[in-house]
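Colleague: The structure's right below; bear with me while I get my questions together.
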Ligand SMILES: *Cc1c(COP(=O)(O)O)cnc(C)c1O
């Protein structure tokens, strides 16, 4: 059996090597490293893939969130609601821009922001919500959009982990995640569903005037050469990355489908025990399994992780500490017990190896070890 990896970028590269190497060489020969034609070509590919009017590439997924927030021109001190069980980017850029991050709890099944918790933390200063489509599956967008409409809030969808997944709207019409809110963002970090060979990100919107502002902000706030009409940032997607991504975007659906098949294998194996909770499948969103995240009793989680490691099976805890308890955010005054679901999830979750190149013998080996462990700790 081959070594088991959490993600296998090398095997993915091996399959696309001729195409990727040719795209790389084309950029090297043109020397157009900044804003080469590959950047706008990739933006068009992304717009077509997501069926969205505007996709604006930028330097990384955290910048994408920052640019999205800057484009909304919120007043200083405005409150922005973010899930506590999440990567740090959303809360970080809110704080950096002089706005106030306000945490909300998540749902115990999908781990995404809980609309009821959102309602509880809304104040007259609330200006926006950043739902995160976590681990490959959509947040409760219908409910969130209804809340946003009622309270006149902006919605920025953080779609760094779920590119390609669709949301089923009430009329049964399917739309890609990241295109329902006022703005959507994503990351092309190498391990994400569409991963580059370095950092990258993008901002999406169907709103023409927001798109214009976003484009300007991502490029120093320039309205024309050496004319700066607003304060911006330098956040460009490198031509080299755009060239790589424009090759890989053709395979996103194939990668997503392959991971869905692996998820079915895991689901079947774990169906025989109540000690392992397989990831919930929302009826409103497809799941592209950026992570395959199980939950187990908190008392068993770290021991299971160590047992798997001892048997050469990597696993990861996303995320071991909710944001409202992180040292950097203590100034906001949250305390242990404020968001019980986020706190419980951070003690219960374990993400298993998940990538398009996992083989059946590896999957059998992983499942057997997880099941053996819980049997011996029942
Ligand atoms: C990866 C990620 C980001 C940040 O993306 P970078 O490209 O690393 O800046 C933001 N939000 C979520 C949910 C992520 O998973």
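Here, each number is a calculation from the coordinates, and none is a lab measurement. Keep in mind that what you see is a predicted model, and the values were worked out from it rather than measured. Using ideal geometry, Cβ is built from the backbone for each residue, glycine included, and neighbour counts are taken over all protein chains shown.
Colleague: Between segment 175-233 and segment 1-69, how far is it from one alpha carbon centroid to the other, in angstrom?
Modeller: Segment 175-233 and segment 1-69 have Cα centres separated by 14 Å.
Colleague: How much length, in nm to one decimal, is gained on full extension between residue 253 and residue 191, taken as 0.36 nm per residue of separation minus their Cα-Cα distance?
Modeller: On the way: separation 62, 0.36 × 62 = 22.32 nm, distance 1.51 nm.
Computed gain between residue 253 and residue 191 is 20.8 nm.
Colleague: On to the next question. Choose one answer from 159, 86, 311: the residue with the largest mean-square fluctuation in a GNM of the chain with alpha-carbon springs under 10 Å.
Modeller: Result for the chain, Cα springs under 10 Å: 311 fluctuates most.
Colleague: Under a crude label model (7 Å from the Cα following the beta-carbon direction), how far is residue 33 from residue 377 in nanometres?
Modeller: Each label point lies 7 Å from its Cα, and together they span 4.8 nm.
Colleague: A further question on this structure: For labels at residue 116 and residue 271 in the simple 7 Å Cα→Cβ model, what's the distance in nm?
Modeller: For the pair residue 116/residue 271, the computed spacing is 3.0 nm.
Colleague: Under a plain spin-label model, where a point goes 7 Å from the Cα along Cα-to-Cβ, how far apart in nm are residue 303 and residue 209?
Modeller: Output for this residue pair reads 6.0 nm.
Colleague: Here is a further query. Which FRET efficiency, nearest 0.05, do residue 76 and residue 175 yield, Cβ-Cβ r, R0 30 Å?
Modeller: On the way: r = 34 Å, r/R0 = 1.12.
That pair, residue 76 with residue 175, gives E of 0.35.
Colleague: Counting DSSP beta bridges in segment 130-234, what percent are antiparallel, to the nearest 5?
Modeller: Around 70 percent antiparallel, to the nearest 5.
Colleague: Using the Kirkwood formula over every pair of different C-alpha atoms, what hydrodynamic radius in Å results for the chain?
Modeller: Values: mean 1/r = 0.0467 Å⁻¹.
Final number for the Kirkwood radius of the chain is 21.4 Å.
Colleague: Going by C-beta contacts inside 10 Å, put 94, 203 in order with the fewest on the left. Show your work: numbers first, answer last.
Modeller: Numbers: 94 24, 203 30.
So the residues, fewest neighbours to most, are 94, 203.
Colleague: Then there is this: When 226, 154, 13 are ordered from fewest to most other Cβ atoms inside 10 Å of their Cβ, what list results?
Modeller: Numbers: 226 7, 154 21, 13 15.
Ascending Cβ contact count within 10 Å gives the list 226, 13, 154.
Colleague: Among 26, 328, 165, determine the one that fluctuates most according to a GNM of the chain built with springs between C-alpha atoms less than 10 Å apart.
Modeller: 328
Colleague: Using Cα springs under 10 Å in a Gaussian network model of the chain, which residue among 16, 107, 344 shows the largest mean-square fluctuation?
Modeller: 16
Colleague: If packing is taken as the average number of other Cβ atoms within 10 Å across a peptide's residues, how do 45-56, 137-148 rank, most packed first?
Modeller: Details: 45-56: 18.8, 137-148: 22.2.
With the highest mean Cβ count within 10 Å placed first, the list reads 137-148, 45-56.
Colleague: Any chance you could run the full-extension gain for residue 226 through residue 338? It's 0.36 nm times the residue separation minus the Cα-Cα distance, nm to one decimal. Before the final figure, lay out the partial values.
Modeller: Values: separation 112, 0.36 × 112 = 40.32 nm, distance 4.84 nm.
Between residue 226 and residue 338, full extension yields 35.5 nm more.
Colleague: Debye sum, Cα scatterers, segment 252-376, no solvent: what log₁₀ I/I(0) at q = 0.10 1/Å?
Modeller: Each listed q maps to, in turn, -0.36.
Colleague: To continue, here is another question. Between residue 359 and residue 15, what length in nm is gained on full extension when 0.36 nm per residue of separation is reduced by their alpha carbon distance?
Modeller: Details: separation 344, 0.36 × 344 = 123.84 nm, distance 1.54 nm.
122.3 nm is the gain from fully extending residue 359 to residue 15.
Colleague: By DSSP, what percent of the beta bridges with both residues in the chain are antiparallel, rounded to the nearest 5? Don't jump to the answer; show the numbers that get you there.
Modeller: Values: 24 of 38 bridges.
The answer is about 65 percent antiparallel.
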